[in-house]
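Step one of this worksheet: look at the structure below.
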Amino acid sequence: MSARRILAVARRIAQGFRRDERTLGLVFVVPIVIMALLGWVLNEQKDGAVRVSIVNQAGLIGDRIVDALQTAAAEADEPMTIDTLADVDAAREAIRAGDTDLAIVIPDSLLDDLTSGTRPTLTVISEGTDPAAEAGRFQRLQALMADLAGQLAVPGAPAPIVPRIEVKTVYLSPDATTVDVLAPVFLGYFGYFFVFLLTGISFLRERIGGTLERLLATPVTRGEIVLGYTLGFGIFATLQVIILTLFVLSAVEVPAIGPIPAFTIGMGVESAGSPVLTFAIALILSLGAVSLGIFLSTFARTELQVIQFIPIVIIPQGVLGGIFWPIDQLPDVLAAIARFLPMTYAVDGLREVMLKGADLGSSAVQVDLVVLTGIALFFVVLAAGTIKREVA
Amino acid sequence: MTGTANPAFEARRGVAVEATGVRKTFGPIHAVDGVDLELAAGRIYGLLGPNGSGKTTLIRLLTGLAQPAGGEVHVLGTKMPSREALSRIGYMPQSEALYPELSVAENLGFFARLEGRSGRAAIDRVLELVELGDRRGSPVLELSGGMRRRLSLAITLVHEPPVLFLDEPTVGVDPALRVQFWSHFRRLAAGGTTILVASHVMDEADRCDELLFMRGGKVIGQGTGRELRARTGSENLEDAFLRLAGLDSEGRPLGDRGAVEGRPS
Ligand SMILES: Nc1ncnc2c1ncn2[C@@H]1O[C@H](COP(=O)(O)OP(=O)(O)O)[C@@H](O)[C@H]1O
Ligand SMILES: [Mg+2]
């Protein structure tokens, strides 16, 4: 091992980058643009007014409910409009035409039910094509109904006491958004993705361009080449992760200048734990991507074929790594696979640190760091093994 | 990987490169098919043969970049492949083998550093030699084919190795500079450097001390140009080669069997 030769290889990679503005853009600007876009979409999702149509089959008592709902809706924080329709068919037609989101049918048996002490049933009709959006609408409707329940007592009888629910959370604030939960994870994911892609392509060029053969005709060793690459791309991964971490964690308000409206740079996600530890986890993950890129470049003959590894390497890690669905909830087979993916440990570590404020003393974080380092070293050895003196 | 010094070999001073019965196959192709050679220190050898005759493969075997299927190679007394021996070998690949986005000086500096030569003087010396001194800062992408060949040669020479394997070094280099290259090779040889130059054209053969004709993975003739012409009764080296290959002056087989040409390189 010669530090001088490792440094020479790292330096050559940095020199190559310097003249390649497009790649620099890919490494530094694109992840931020994607993160910003993601934050924008998730944060500022328009909660359009929920349009509710009521089909009242219960006559006068139903009218009272409609009035109460309309009053409550007007006072609700979240916009909601309430109107009435003649019958169920009209309601279905309105939903189909997109004129309304939900229809509530108040049955004609309502008064009988109330007087006989049976629980009345209200039917809610929805479109049924967008579960996520509908879940949100139901939630808002339910909140409204809970407020209303008090008014639905039998005349004369004491109003039932409906407790209000106040939400408190252990980790994030109750109004944490999807961004707060996803940002830490994307931080790791982007570093991994770009470093993998760049190393894979660089090393492939080294193989097909003949420079690897020239390298191997010098006293440099295979291990020195892989470590030099790891260091060279490591510098870029470091810069990238620093920039992304800053972008995710900070929020700089830029005031309106002339026609440009005020805007915020950065996502302003709050990290409960140390930003340095966050950075370390994302970096170790990225370093593993260097040797993975070198290793997989052996199996590619063109740059396009390196790109073809993305669906094989990057996407499954995105799906199985716990970014969207917790590992415990995956089917057994997939959960077992997930345990072998570095992304799984990075996602876990980043969430532990950023969301739960774990530090180096946390055994979960320790396991994540050890496994990530182990995976990275494993691929260093594997990558060095694929660099043969005989490159043909 | 460690080279074992061969005492019998060490005893025969003056032999820089020795190959005995080296073979290399790629599937059914016998790229190098039992080659024996001895290259004396301080001489320039021309390795001549058509495309696909196995010149590149033979050079890769001599540098230790390829593992022979049979036979042995020794360079300066060290059995190849050997990493220590590599710092005493200059290998100029047939392909460009440069980093296109790096400048001339960066390409050169990188390989020099791997060889433990990072001094500016060493770099300036070879850049002067290949007349690229004024293009130090140009990225390789902006160089002509001939300039790239010159840079490639500069990289090969930067660590002043005593043994040079040059695979078609003068392709695309203009005649004036070619003359300069050869006078430099001559100077190096006079200083004791052993040089093997592969070429698929005969026009530089007269500048070599000795020639090795290659065909179908075999060395079919070895000697000075004069010896080879006399032995075959030929006017020129092309004819000498054809006679040795068993072909008539039109390149048709004379007697037993025709040679198969490999891929164009
Ligand atoms: N990596 C390889 N894989 C398969 N065949 C090869 C490889 N390298 C060389 N060959 C074959 O070996 C023969 C000799 O090739 P080469 O040594 O490049 O010849 P030359 O340099 O004289 O043109 C050719 O038939 C060529 O196709
Ligand atoms: Mg060749």
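The values are calculated or read from the model by the stated rules, or taken from the named source; none is laboratory data. What you see is a predicted model, and the numbers here were worked out from it, not measured in a lab. Backbone-built Cβ (ideal geometry, glycine too); neighbour counts: all protein chains shown. Note: areas computed on protein heavy atoms with side chains; ligands, DNA, RNA excluded. Shrake-Rupley method; radii C 1.70, N 1.55, O 1.52, S 1.80 Å.
Return the total of residues in the range A:272-331 being open to solvent by 60 Å² or more (accessible area, probe 1.4 Å), polar (S, T, N, Q) and closer than 25 Å to A:I225 by Cα. The number of residues fulfilling the criteria is 3.
Being in the same structural domain as A:T199 (by TED's automatic domain parsing), at pLDDT 85 or above, over 25 Å from A:F236 (Cα atoms) and not small (G, A, S) is the requirement here; does A:D359 meet it? Yes: the conditions hold for A:D359. Is at least one residue of the range B:50-67 surrounded by fewer than 24 Cβ atoms within 10 Å (Cβ to Cβ), within 16 Å of ligand 2 (Cβ to nearest atom) and under 17 Å from B:L228 (Cβ atoms)? For the range B:50-67, residues surrounded by fewer than 24 Cβ atoms within 10 Å (Cβ to Cβ), within 16 Å of ligand 2 (Cβ to nearest atom) and under 17 Å from B:L228 (Cβ atoms): present. When restricted to residues that are touching a Ser or Thr at 6+ places or on another chain (Cβ under 7 Å) and exposed (fewer than 15 other Cβ atoms within 10 Å of the Cβ), the range B:25-39 contains 1.
Checked against (1) under 30 Å from B:P253 (Cβ atoms); (2) buried (at least 21 other Cβ atoms within 10 Å of the Cβ); (3) at pLDDT 90 or above, B:Q222 passes all but condition (2). Scanning the range B:80-102 for residues that are more than 8 Å from every other protein chain (Cβ to nearest Cβ), away from ligand 2 (no atom under 16 Å from the Cβ) and buried (at least 18 other Cβ atoms within 10 Å of the Cβ) gives B:M80, B:S82, B:A85, B:G90. Can you confirm whether the range A:22-30 contains a residue that is of a type in the set (G, A, S) and either more than 14 Å from every other protein chain (Cβ to nearest Cβ) or over 30 Å from B:A112 (Cα atoms) (or both)? Yes; the residues of the range A:22-30 include at least one that is of a type in the set (G, A, S) and either more than 14 Å from every other protein chain (Cβ to nearest Cβ) or over 30 Å from B:A112 (Cα atoms) (or both).
Within the range A:336-375, the only residue that satisfies the criterion of being under 19 Å from A:F193 (Cβ atoms), touching a Gly at 6+ places or on another chain (Cβ under 6 Å) and in a loop (DSSP other than H, G, I, E, B) is A:L341. The lone criterion from (1) under 18 Å from the mean Cα position of the chain (by Cα); (2) within 16 Å of ligand 1 (Cβ to nearest atom); (3) without any contact (Cβ under 8 Å) to a residue 40 or more places away in the chain left unmet by B:F26 is number (1). Each residue in the range B:59-78 was checked for being touching a residue at least 60 places away in the same chain (Cβ under 8 Å) and away from chain A (no Cβ under 14 Å), and 3 of them qualify. Among the residues of the range A:10-29, none is identified as touching a residue at least 60 places away in the same chain (Cβ under 8 Å) and in contact with a strand residue (DSSP E or B) (Cβ under 7 Å, 6 or more places away or on another chain). A search for C-beta distances below 8 Å between a residue of the range B:104-124 that is without any contact (Cβ under 8 Å) to a residue 40 or more places away in the chain and any residue that is among the hydroxyl-bearing types (S, T, Y) and surrounded by 18 or more Cβ atoms within 10 Å (Cβ to Cβ), counting only pairs 6+ apart in sequence or on different chains, returns B:E106/B:Y99; B:F110/B:Y99; B:L114/A:T218. On inspection, B:A69 fails the criterion of being farther than 24 Å from A:I208 by Cβ and either away from ligand 1 (no atom under 16 Å from the Cβ) or among the aromatic types (F, W, Y) (or both). Of the candidates B:A245, B:A189, the single residue that is at pLDDT 90 or above and touching a Lys or Arg at 6+ places or on another chain (Cβ under 9 Å) is B:A189.
Regarding B:V75, is this residue over 17 Å from A:T211 (Cβ atoms), crowded, with 24+ Cβ neighbours inside 10 Å and more than 16 Å from ligand 2 (Cβ to nearest atom)? So B:V75 passes the test.
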